Amino acid sequence: MQEIILVGCGGCMREIAWQIEEQKKEEDGWNIIGYVDRIPPEGNQEILVGKRKIPYLGNDDFLLQKSEKTNVAICVGEPSLRKKIADKLKKNVFLCFPNLILGNNKICEDVKMGQGCIISMDARISTNVTLGDFVFLNTGSMVCHDGTLGDFVTLSPRATLAGNVQIGNCSEIGMGTNVRQGISIGENTIVGAGSVIVKDIEGNVTVAGVPAKKIRG
């Protein structure tokens, strides 16, 4: 069983830690040795997830000072913050960012995936899909055939992308959103929860609604 350190102390980290612990009930998985965060929770810095107590190891410097191979998972849902953390930690060549494939998901064997991706339980990824680095697919999300997700993209729970959808770097697709086939979404774009995307979306905007319309940017 390989050891791993989690980055972050919020709800996203605790969800991922829970999924890691659930996976270990069925098969060999990851052994969480602790977490790091720039500012840990006040009071008891040990975090309880189910029956597992996860110790606080220190701030980012704890990882930046590592001089042996260390597996790290960046458990932060917000794309731009995840990118900021990754850019900082990648300066230490001893840190490795494996892809975490968690729980009861289905992934076609021809899927191409960068480093540091987290695929949550019950996610589905169909054929000829490409994921960049540090992509985060939350529980129940789905990417249909021929999709391309750039670096640091986040799909919130139950977000569904139809076939041949393209999403730019650092974009976040809200919970329960449905994206029509062949749509292109630019980088640094936020899609509000429950939206329906029926036409291409430019980059650096926030959209929401049924059908989705620009509300900011």
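What ³J(HN,Hα) values, in whole Hz, does the Karplus curve 6.51 cos²θ - 1.76 cosθ + 1.60 give for the range 114-131 when θ = phi - 60°, with x put for Gly and Pro?
x, 9, x, 6, 10, 10, 6, 4, 6, 6, 9, 10, 8, 6, 6, 9, 10, 10
Sort the following peptides by mean Cβ neighbour count (other Cβ atoms within 10 Å, averaged over residues), highest first: 11-24, 59-72, 137-150.
Per-residue Cβ counts within 10 Å, averaged per peptide and sorted highest first, yield 137-150, 11-24, 59-72.
Over 26 Å, how big is the tail of the calculated P(r) for the chain, in percent of all Cα pairs?
Considering the chain, 35 percent of its Cα-Cα pairs are separated by more than 26 Å.
How far is helix 11-24 tilted, in degrees, relative to the longest principal axis of the Cα atoms in the chain, given as a value from 0 to 90 rounded to the nearest 10?
70
Where in the range 101-163 are there trypsin sites (Lys or Arg not before Pro) that are in a DSSP coil and have at most 16 other Cβ atoms within 10 angstrom of their Cβ?
none
For each pair in K25/K53; K66/K88; K25/K51; K53/K90, compute the distance between the two Cα atoms and list the pairs where it is over 22 Å.
Too far apart for the 22 Å limit: K53/K90.
Which residue, I20, S80, I32, has the largest displacement toward the positive end of the dipole of the range 9-84 when charges sit on each Cβ (Lys, Arg +1; Asp, Glu -1)?
S80
So what's the projected area for the range 2-98, the Cα convex hull averaged over all directions, in nm²?
6.1
To the nearest 20 Debye, how big is the dipole of the range 30-174 about its Cα centre, given +1 on the beta carbon of each Lys and Arg and -1 on that of each Asp and Glu?
The dipole magnitude comes to about 200 debye.
Near V135, within a Cβ-to-Cβ distance under 12 Å, what is the net charge of the other residues, with Lys and Arg +1 and Asp and Glu -1?
For residues surrounding V135, the net value is 0.
Apply the Karplus parameterisation 6.51 cos²θ - 1.76 cosθ + 1.60, with θ equal to phi minus 60°, to every residue of the range 25-35 and state each ³J(HN,Hα) to the nearest whole Hz, in sequence, with x for glycine and proline.
For the range 25-35, the Karplus-derived couplings read 6, 9, 7, 5, x, 9, 9, 6, 9, x, 9 Hz, x marking Gly and Pro.
Within the range 159-192, list the residues whose amide N lies under 18 Å from a label point set 7 Å along Cα→Cβ of C108.
Inside the label zone: 160-167, 179-184.
Please give the Cα centre distance for the range 58-124 versus the range 18-56, rounded to the nearest Å.
First find each Cα centre; the distance between them is then 15 Å.
Every read-out reported here was derived from the displayed coordinates using simple, explicitly stated rules and does not represent laboratory data. In this text, all values refer to a predicted model and were calculated from it rather than measured experimentally. Glycine gets a Cβ as well: all are built from the backbone with ideal geometry, and neighbour counts include every protein chain shown.
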